[in-house]
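Trainee: Can you keep this structure in mind? I'll have questions shortly.
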Amino acid sequence: MIRHEQVSGISTDKHESCNLLSRSGRSLQKLLPALTLAFALSACTTTEIDEFRQTATSISGDESIVILGRRQNNDYETEGNFIECVGSVVGSGDDGITVVPEKDFLNAMFPFFEPRTAPMRTGHLKQLMDIDIARQRIADFGIEYIVWVDGTTLRGETAGSVSCTIGPGGGGCFGFGTWVDDSNFDAEIWDMDTLDLAGSISTDANGQSYMPAVVVPIPLIARVEANACSGLGSQLKNFINGS
Amino acid sequence: MRQVIRKKHAGTGHDTGSSPVTTRRSSLLPGSLAVSCVAVLCVVALSGCAARAITISASYPTPLVAKLPLTVGVYYPEALREFSYTEIDDSSGKDQYIIASGASQIALFNTILPVMFDEVIELDGPSTDNPQVDAIFVPDVEEFQLGLPQKTKLSVFEIWLKYNMRLTQPNGDYIADWVMTAYGKAPTATFQSVDIGVQNAAEVAMRDVAASFTLGFTEVPDIKDWLQKNGPTP
């Protein structure tokens, strides 16, 4: 199900996807068709993407962007794997954009983009660009946009239990477990020409996973973070391409 | 401009001469097999009680800073060279992890100092007779704290460091003495060992030290005054 709304610079996409034809789902169909259908239908992910655009954007073939994770929060930090995932989505396809790897950029710009020293607002970015050596290094990369991603995936509503036993005659598991994953990621896009905010995209994905176990545990995992990644990456690519 | 770090005196190498080793051939007879099994079981059981040693090793990027036209002597105290932190198990009261970070800290300063100053000379002692340098820098670790996810209930490994930095004249007179703190954290991951989590958090903390030091060095009030009065300007 896809819903698209657009009201004066703010647009919202809502997308629901299910793991009905996942590999684990197919395995379960062979064993317990009715159970598969019931659970596979339920192991869905809902992804909602909000976009706010402040200025028009575009990028040419010789320009690039960098996607950086915010790591200032005390109790979590935006995972490097998620940043890599978003980068690979943005860089893929015919309309793919050149993405400078986060680690390469952080090392080349050291010590200006460390958790303690990174610019938090575009005002700080302007101050940073007053430093010749930093401005020159950014120009060397050909970076047109800096994208800051901040967020994490939380697991909650965990219920049920699965117990497994091994004996001389064999082993097996029995039980049922379920949990809910909730991914919230916000991306801010900074325009390096104007040194101002070009827009922002927020992604909220959630889904319930199930783990029924009748002799063999069969995970029906809702791909929450993967959907958040692909949703954010696709939206980001369209945003920067100006489409 | 030179990026030189050289030692004032040649280091004293340790003689690693071979020690006599006695070898004995043994055949695994049923009796000795049982003894061997018991010995292996004892080793396995005892290894479960031993503290886990983690040696921090990381590489650091070259900082993007303007070089100060100074020749600086650096002395690494023994306490910094051999620095290690022991985490105690709350329930048993025994050593749980021993984290050795001395070598990594030296590597960090050896990376950033030659980029910050025209020339860096590593000194073998806190001598007060160094006419060839403009100033002597002595870093030291005062505190080290570790936050393990199983104790903090957070999904991150955390490391907090407190340094005492000292800068003196070549004759040992005071220029500046200041405290610097550093913090690093790394997220937990499925099937990730404590070693990796601690290594990642330590690398972030060390980068934090380097970032604060390189960007804040000339902002330390006493150093600022000294540079204005005596030292060359960048």
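Trainee: So, in the stretch A:127-163, exactly how many residues are more than 25 Å from A:N238 (Cα to Cα) and within 25 Å of the chain's Cα centre (by Cα)?
Mentor: Adding up the residues that qualify gives 5.
Trainee: Further question: Only one of these conditions is not met by B:P126: (1) part of a loop (DSSP other than H, G, I, E, B); (2) out of contact with any strand residue (DSSP E or B) (no Cβ under 7 Å at 6 or more places or on another chain). Which number is it?
Mentor: Checking B:P126 against (1) part of a loop (DSSP other than H, G, I, E, B); (2) out of contact with any strand residue (DSSP E or B) (no Cβ under 7 Å at 6 or more places or on another chain), the one that fails is (2).
Trainee: Consider B:F217 carefully, then state whether it is more than 14 Å from chain A (Cβ to nearest Cβ) and within 23 Å of the chain's Cα centre (by Cα).
Mentor: no
Trainee: Given the conditions (1) in a strand (DSSP E or B); (2) within 14 Å of another protein chain (Cβ to nearest Cβ), which single one is not true for B:I98?
Mentor: (2)
Trainee: Testing A:T158 on (1) surrounded by 14 or more Cβ atoms within 10 Å (Cβ to Cβ); (2) under 29 Å from B:E158 (Cα atoms); (3) among the β-branched types (V, I, T), one condition comes back false. Which one is that?
Mentor: It fails just one condition, (1).
Trainee: I would also like to ask the following. For the structure I just gave you, tell me whether B:D225 is within 21 Å of the chain's Cα centre (by Cα), more than 14 Å from chain A (Cβ to nearest Cβ) and either surrounded by fewer than 14 Cβ atoms within 10 Å (Cβ to Cβ) or aromatic (F, W, Y) (or both).
Mentor: Against the criterion (within 21 Å of the chain's Cα centre (by Cα), more than 14 Å from chain A (Cβ to nearest Cβ) and either surrounded by fewer than 14 Cβ atoms within 10 Å (Cβ to Cβ) or aromatic (F, W, Y) (or both)), B:D225 does not qualify.
Trainee: Could you run through the stretch A:99-126 and say how many residues are free of Cβ contacts under 8 Å to residues at least 60 places away in the same chain, more than 12 Å from every other protein chain (Cβ to nearest Cβ) and either assigned to a helix (DSSP H, G or I) or over 23 Å from the mean Cα position of the chain (by Cα) (or both)?
Mentor: 3
Trainee: Among what's in the stretch B:96-151 and is within 19 Å of the chain's Cα centre (by Cα) and charged (D, E, K, R), pick the residue that is surrounded by the most Cβ atoms within 10 Å (Cβ to Cβ).
Mentor: Within the stretch B:96-151, the match that is surrounded by the most Cβ atoms within 10 Å (Cβ to Cβ) is B:E122.
Trainee: Find the residue count for the stretch A:135-148, including only residues that are within 14 Å of chain B (Cβ to nearest Cβ) and surrounded by 18 or more Cβ atoms within 10 Å (Cβ to Cβ).
Mentor: Residues flagged as within 14 Å of chain B (Cβ to nearest Cβ) and surrounded by 18 or more Cβ atoms within 10 Å (Cβ to Cβ) within the stretch A:135-148 amount to 2.
Trainee: Which count do you get for residues in the stretch A:66-91 that are free of Cβ contacts under 8 Å to residues at least 40 places away in the same chain, over 12 Å from A:I240 (Cβ atoms) and part of a loop (DSSP other than H, G, I, E, B)?
Mentor: Going through the stretch A:66-91 one residue at a time, the tally reaches 2.
Trainee: Another question, if that's okay. B:Q192 passes all but one of (1) surrounded by 17 or more Cβ atoms within 10 Å (Cβ to Cβ); (2) within 14 Å of chain A (Cβ to nearest Cβ); (3) outside any helix (DSSP H, G or I); which number fails?
Mentor: (1)
The numbers here are math on the coordinates, done by the rules we state, and not lab data. A quick note: this is a predicted structure, and the numbers were derived from the prediction, not measured. For neighbour counting, all protein chains shown are included, and Cβ atoms are generated from backbone atoms with ideal geometry for every residue, glycine included.
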